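What follows is calculated from the coordinates using simple rules that are stated; it is not laboratory data. This structure is a prediction, so every number in the text was calculated from the model and none was measured. Note that each Cβ is placed from the backbone with ideal geometry, even for glycine, and that neighbours are counted across all protein chains shown.
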Amino acid sequence: MHKLVTGTLACLYASAALSGAHDNFSQVPEHFDPELAAEIQAFLDEYAEVYNRQDYDTLLSMWDRDFGGAIYMAEEVDPPMHGWDRIDKYFNPIPGVEILDGIYNEYSDVRASYLADDLAVATYHLRFDIKVKRQKAMSSWDRVMAVLRQKDGEWKLVAYAEAPMAPATMVRRMLEDQVPEEFEAYLETRKAAE
């Protein structure tokens, strides 16, 4: 069975490589709107800054809270979270208790298209360093697809989905990544400030 799974994964990986599927973001689709992508990148830069200081009230204000059908699909949670009760609990599982020593997110390679005048879909790359209390720090990355709505001249999230790669590929890449020294220094600074 192990040989069958390994062989199948090797065939799938080779097929993807031959088709160019691993040329991360090298092909820009015709419907890609660079101005929209720049606007969403600016939104994501602010979102990362808020996320990295673990200011979840402000972070959730960057979502369209009037939209009742919000979706958040984190790679580590199954099933996807639908609605504000589930999403709020994801960001604040134990009210008043911090569960992270630190987190550092970076978003890049934004590709975006309009779905309507006030609605956009975007894909981008998430690179993160995270340290859950009493656990070892880790670094990884993810592919993300998000839907954003423009309200009062500002972009707001309405749906977010992390799209990890195949497990073998993800594990291989995670093992290749190391937690940067800057993140370790950041954790030490946070610990000293407490």
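The table for this structure:
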| quantity | calculated |
| --- | --- |
| Debye, to nearest 20: dipole size of the stretch 27-193, +1 on Lys, Arg Cβ, -1 on Asp, Glu Cβ | 680 |
| In Hz, Karplus ³J(HN,Hα) per residue of the stretch 118-130 (6.51, -1.76, 1.60; θ = phi - 60°; x = Gly, Pro) | 10, 9, 9, 10, 9, 10, 7, 9, 10, 10, 9, 10, 8 |
| Charge dipole of the stretch 27-193 about the Cα centre (unit charges at C-beta), most positive-ward option of ALA37, LEU187, ALA112 | LEU187 |
| Paramagnetic reach from MET145 in the stretch 113-137 [backbone N under 13 Å; point 7 Å along Cα→Cβ] | 113, 121-124 |
| Listed peptides 129-140, 182-193 by packing density, highest first (mean Cβ within 10 Å) | 129-140, 182-193 |
| Proximal charge balance of GLU49 [Cβ under 11 Å; K/R count +1, D/E count -1] | -3 |
| Average silhouette area of the stretch 27-193, convex hull of alpha-carbon atoms, in square nanometres | 11.1 |
